[in-house]
1. Give Leu198, Leu232, Leu209 a once-over and let me know the one that is more than 21 Å from Gly81 (Cα to Cα), surrounded by 15 or more Cβ atoms within 10 Å (Cβ to Cβ) and modelled with pLDDT of 95 or more.
2. Would you pick out the residues in the stretch 75-100 that are assigned to a helix (DSSP H, G or I) and touching a Cys at 6+ places or on another chain (Cβ under 8 Å)?
3. Being open to solvent by less than 90 Å² (accessible area, probe 1.4 Å), free of Cβ contacts under 8 Å to residues at least 60 places away in the same chain and in a helix (DSSP H, G or I) narrows it down to one residue among Gly44, Gly28; which is it?
4. Name every residue in the stretch 183-225 that is outside any strand (DSSP E or B), of a type in the set (A, V, I, L, M, F, W, C) and more than 19 Å from Ala146 (Cβ to Cβ), in order of residue number.
5. Would you please name the residue that is surrounded by the most Cβ atoms within 10 Å (Cβ to Cβ), looking only at residues in the stretch 158-195 that are of a type in the set (Ser, Thr, Tyr) and under 21 Å from Ile139 (Cα atoms)?
6. Within the stretch 117-128, can one find any residue that is surrounded by 12 or more Cβ atoms within 10 Å (Cβ to Cβ) and either touching a Lys or Arg at 6+ places or on another chain (Cβ under 7 Å) or hydroxyl-bearing (Ser, Thr, Tyr) (or both)?
7. Looking at the stretch 1-18, can you tell me whether even one residue there is closer than 14 Å to Arg122 by Cα, assigned to a loop (DSSP other than H, G, I, E, B) and open to solvent by 30 Å² or more (accessible area, probe 1.4 Å)?
8. Would you pick out the residues in the stretch 89-131 that are on the phi > 0 side of the Ramachandran plot and free of Cβ contacts under 8 Å to residues at least 60 places away in the same chain?
Amino acid sequence: TIEVNASDVAAMGAEPQYLLLNLVLREGIDVEFCRELYEGIQEGCDEHRITLLGGDTTRGAVMMVSATMSGVTPNPIRRSGAQAGDLVAVTGDVGAAHAGYLTFRQGLRPVGHVLKRHLSPRCRLDVSAAIARVAHSLIDVSDGVASEVRHIAARSVVGARLDSRLLPIHPETATAATALRTTGAACALSGGEDFELLFTLFEKDVPSLEAEGVDFTVIGEVLPPGDGLILLDENGEPGALPAGYDHFT
């Protein structure tokens, strides 16, 4: 809950401040479980210097946790600032969380990197401030790289071309994807829950961001709106950018 909400704040180039937490408890939940839950939440708040203000606690048929987090920034970075000629970049590596999810869904036990990324997501507040100083548009990767590029393209009224060969795929993600009869690129493009940051920037600003130690990879470029949304496959052949994950289909 903390990492997911903090990732939304990081995706605006902001610093999180306050958290309101609403908790619905079903019959049979004991006090020890609640104590451990709140201790974990407080630990996440302390790590990111977030103040837990409180919230409602009530009883219901199913257990539910919902959170509202606020953040602050003098210069919010929106999805609408991408410009033709920008480079498209993403932090860290992508596809691992979805590979972990698919492994569980097939009744197997993921290990190593894909297990950690699926069960213990981490936001990128460690690099979001540096990125915000040069980014024209910014979003977190919660629904897959393809989906996030589509969000930026729609809000910025631009096209884009991504190169699937440039996607940063961890070796363990590639291995898991092969075992699942898919590819690391497919997991990255149409999966999600990586909570890395995807952004656009001038090419001239790449060296300064690298000098700050930000771990990112350039994966494409922003095009004029009439050029559409293009994905170069493993052979460099152009095709349509996939839709990515859709919560309502």
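The values are calculated or read from the model by the stated rules, or taken from the named source; none is laboratory data. In this text, all values refer to a predicted model and were calculated from it rather than measured experimentally. Here the Cβ is made from the backbone with ideal geometry for all residues, glycine too, and neighbour counts use every protein chain on show. Ligands, DNA and RNA are stripped out before the accessible areas are found, and what is left, the full protein with its side chains, is counted by its heavy atoms. Shrake-Rupley method; radii C 1.70, N 1.55, O 1.52, S 1.80 Å.
1. Unique residue meeting the criteria: Leu232.
2. Ala96, His98, Ala99, listed by residue number.
3. Exactly one of Gly44, Gly28 is open to solvent by less than 90 Å² (accessible area, probe 1.4 Å), free of Cβ contacts under 8 Å to residues at least 60 places away in the same chain and in a helix (DSSP H, G or I), namely Gly44.
4. Correct list: Phe202, Val206, Leu209, Ala211, Val214.
5. Ser164
6. Yes: one or more hits.
7. For the stretch 1-18, residues closer than 14 Å to Arg122 by Cα, assigned to a loop (DSSP other than H, G, I, E, B) and open to solvent by 30 Å² or more (accessible area, probe 1.4 Å): present.
8. Gly107
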